[in-house]
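Beneath this line is the structure, given in structure tokens, with notes to follow.
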Amino acid sequence: RPGTVDAELPSRTRVLVVGSVNIDDAVRVPRFPGPGETLGARSSDTALGGKGANQAVAAARAGAAVRMVGAVGTRDGSAVLGALDADGIDTEGVARLDDLPSGRAFVFIDDRAENSIVIVPGANHAIPEAAVREACRALRPGEVLLLQNEIPAATSRLAARLAREAGATVVWNAAPAPEGLQELIEGHDLLLVNEHELDRIATLLGATDNSPSVHPGSATSRAAGPQGGAGSAAQAGTGSAPTTATGGSPHGEPTAIALSGNDSRTDPAAGSSAGAASGADPAATGSARSVESLLTAVASATGGDVICTLGAAGAAYRVGGVFGRAAARPVEAVDTTAAGDTFAGYFAALADLPLPRRLRRALDAASLAVTRPGASPSIPARAEVEALEP
Ligand code: ADP
Ligand code: NA
């Protein structure tokens, strides 16, 4: 079958995505309908979507051998499964559920290009644990598990723990932004975020430059998980070294999220952006916090590497303890849908490249995606991205 991973190409990075698969219905409307109103659409378009599926497509187009674990409805899922197959993604681990619809995103786009979105999680919230266990236990050192935030956190946490035990590298794209501490995934090697998500996670963790170490006694994964993470921060950053079960964070601890931070659900002060990190240096909180200080704080609190995409400004990172920036290619943006997904899928797939080239290619791929309408259809193929390189 076309989706089967080709065992004859051992040099391709193997990426397992455990995440969402959606049917995206993009409906163009003159304006958003009011209560009780019926409105005629200008046009509509249905395509494969969901951050998990988009990132699987991006990783496959980047050249990786990709497997997907998720769930769709039996009645309505065949078209999206077909779209994944068409990109050579192994969908054996995508469950077909009889009693639930596929996840769906209803995207209304008005004449001012504003959008308004309703998401139906559907089968995405019922991914069978057995499929997660089977795929994650089969991971090997050097392989990558790629997670997002559109499936239950318990499912992602299970996947991350098993992948770590198997010696694989865990990459977590924390999008959409976590609402509470219970949505944070412990023990990842690399965190991919945009500015809003970085700020949110720093706030949840109470992370500032003044709290540079893992919060003592707070990492539940330390007791539950194996000793050692899935590789050092430097390994995760360059992706050049195979990971080992005995690796650890630069602090000699398994990578783990400090769970003693602020949770907006229990901390009434955490709702507003400024001063949300109670007890923190006031200069380091709120919108005044620089991307560099936020990256430093979050990297310290989690023990892993962090990359923050900055839209047209490219990306900033803290990888292997080193801060840096990379510019985006200037383009005329048409539709930024799937920009972050393209970056995440490409970056995860290019684990064999040194950091500067890996960043360059993932940024270029994302910038190409914003020049085209739609989600997965806008994700470029590897050859298009390589053609931009000198
Ligand atoms: P998200 O869509 O997740 O919020 P960003 O807006 O940070 O993510 O965009 C992700 C990447 O997409 C950027 O790092 C950049 O490479 C590319 N990108 C996004 N917007 C633009 C733009 N206006 N011009 C050029 N590149 C862009
Ligand atoms: Na796009």
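The values are calculated or read from the model by the stated rules, or taken from the named source; none is laboratory data. Computed from a predicted structure; not experimentally measured. Here the Cβ positions follow ideal geometry from the backbone for every residue, glycine too, while neighbour counts run over all protein chains shown. Ligands, DNA and RNA are excluded from the accessible area calculation, which covers all protein heavy atoms including side chains. Shrake-Rupley method; radii C 1.70, N 1.55, O 1.52, S 1.80 Å.
Points to keep in mind about this one:
- Placing a pseudo-label 7 Å from each Cα along the Cα-to-Cβ vector at Val322 and Ala130 gives an inter-label distance of 4.7 nm.
- Alpha-carbon radius of gyration plus Dmax, which is the widest Cα pair, for the range 53-170 in Å: 15.2, 50
- Formal net charge of residues neighbouring Glu134 (Cβ-Cβ distance under 11 Å; K, R +1; D, E -1): +1
- Protection proxy ranking of 328-338, 299-309, by the mean of other Cβ atoms within 10 Å over each peptide's residues and highest first, is 299-309, 328-338.
- Heavy-atom accessible area ranking, 1.4 Å probe, most first, across Glu150, Glu197: Glu150, Glu197
- Segments 152-160, 21-29 sorted - mean Cβ within 10 Å per residue, highest first: 21-29, 152-160
- Label reach from Ala312 (point 7 Å along Cα→C-beta): in the range 341-378, no amide nitrogen lies under 11 Å.
- If you take the Cα centroid of the range 92-125 and the Cα centroid of the range 285-333, the two points sit 30 Å apart.
- Amide hydrogen proximity for Ala71: with H placed 1.01 Å from N in the peptide plane, the residues at 5 or more positions away or on another chain lying under 5 Å are Val21, Ala95.
- Mean Cβ neighbour count within 10 Å, used as a protection proxy, ranking 63-73, 379-389, 315-325, 180-190 highest first: 63-73, 180-190, 315-325, 379-389
- Length gained when the stretch Arg140-Glu292 is fully extended (0.36 nm per residue, less Cα-Cα span): 51.4 nm
- Pairwise centroid distance, computed over Cα atoms, of the range 179-193 with the range 139-157, Å: 10
- Exposure of Glu92 as accessible area (Å², to 10), given a probe of 1.4 Å and all protein chains: 130
- Counted by Cβ distance under 14 Å from Leu39, the other residues give a net charge of 0, where Lys and Arg count +1 and Asp and Glu count -1.
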